[in-house]
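Scroll down for the structure; my scribbles are underneath it.
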Amino acid sequence: MAERMTFRLHQAQYDGQTERAYVEFRRGDGDGGEQVVVAVFTFRTKERLTKQRIKEEVVRKARHVLKGAVLAA
């Protein structure tokens, strides 16, 4: 049985001026290539968050957005 390949977080960025988040996940595929999944979305919060906490929240929301996209397909 093939080992399950999971996506790993490659980068997460947030622009506070535009309130846009960009999150990129990657994983290798069976033929030596790479699969890339990207989520771009608006992220707003009224809380004052540290940069690390913003990154955590942006990654959490990206996972939620991508799960919703899978269910919609």
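Some points to look at:
- Label separation (Phe7 vs Leu66): 0.2 nm, computed from points 7 Å beyond Cα along the C-beta direction.
- Given 10 as the ceiling on other Cβ atoms within 10 Å, longest exposed-site-free region of the chain for GluC sites (Glu not before Pro) in DSSP loops: 4-46
- Cα convex hull of the stretch 8-72, projected area averaged across orientations, nm²: 5.2 nm²
- The chain: trypsin sites (Lys or Arg not before Pro) falling in loop per DSSP and having at most 15 other Cβ within 10 Å: Arg4, Arg44, Lys46, Arg48
- For Val40, the shell of other residues with beta-carbons less than 11 Å away shows a net charge of -1, using +1 for Lys and Arg and -1 for Asp and Glu.
No value in this document is a laboratory result; all are computed from the given coordinates. On a predicted model such as this, the values are computed, not experimentally measured, just so you know. No Cβ is skipped: glycine too gets one built from the backbone with ideal geometry, and neighbour counts run over all protein chains shown.
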